[in-house]
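Some notes on the structure that comes next.
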Amino acid sequence: LNYNVLKKRRNIEIFKPINEKKANSKVKRIFNEIKKTRKITKIPNFWKSIAHNPQLLERTWNNLKQIMKDGALDSVTKELIYVAVSITNSCSYCTRSHTFAAKKKGASDEMIKEMIDVVGIANQNNKLVEAYQVEVDKIYK
């Protein structure tokens, strides 16, 4: 198999996403809340995929709502952190969906580019510290 075939296969879902119209009442209720809260008309594939387990869907949605709302950190900052972690974890779906969310909440292209620079230098320096086995300075302990 060539690389392109393998790459395409990697993106095939393990379970077919739940169809909104065919979902059970609990899943439909959560889907409707997601659409209302996010001001969208179509449920993203992530939510349709985890809807195979309605308890997981509900728990994940409730946790996300609670954690991602404005608090000590505003919601734009939280979305940018989510994107940074997603980049580091190589989750292209999360990187794209939360970049979209960050922009929708007010993040500029310049903010996103700067965040990507921070992710790059942090990942580089983290690897250098690990490679050189740098001891943590007493002032940081």
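The values are calculated or read from the model by the stated rules, or taken from the named source; none is laboratory data. What you see is a predicted model, and the numbers here were worked out from it, not measured in a lab. As a convention, Cβ positions derive from the backbone with ideal geometry for all residues, glycine included, and neighbour counts pool all protein chains shown. Remember, those area values only see protein heavy atoms, side chains included, never the ligands or the DNA or RNA. Shrake-Rupley method; radii C 1.70, N 1.55, O 1.52, S 1.80 Å.
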Quiz item: Rounded if a/c is under 1.5, else prolate if a/b beats b/c, else oblate: with a ≥ b ≥ c from the C-alpha gyration tensor eigenvalues square-rooted, which is region 51-101?
Solution: oblate
Quiz item: Hey, what did region 47-122 get for relative contact order, percent, Cα under 8 Å, at least 6 apart?
Solution: 24
Practice problem: Normalising by the residue count of the chain, find the relative contact order in percent from Cα pairs under 8 Å and 6+ residues apart. | Solution: 15
Self-check item: Portion, in percent, of the accessible area of the chain that falls on carbon or sulfur, probe 1.4 Å
Solution: 56
Quiz prompt | Correct choice for semi-axes √(5λ) of the Cα gyration tensor in Å that was computed from the model, options [x] 32, 22, 15; [y] 29, 19, 14; [z] 30, 15, 14 | solution = [x]
Quiz prompt | Computed label-point distance, nm, for sites GLU135 and LYS42 using a 7 Å Cα→Cβ extension | solution = 5.8
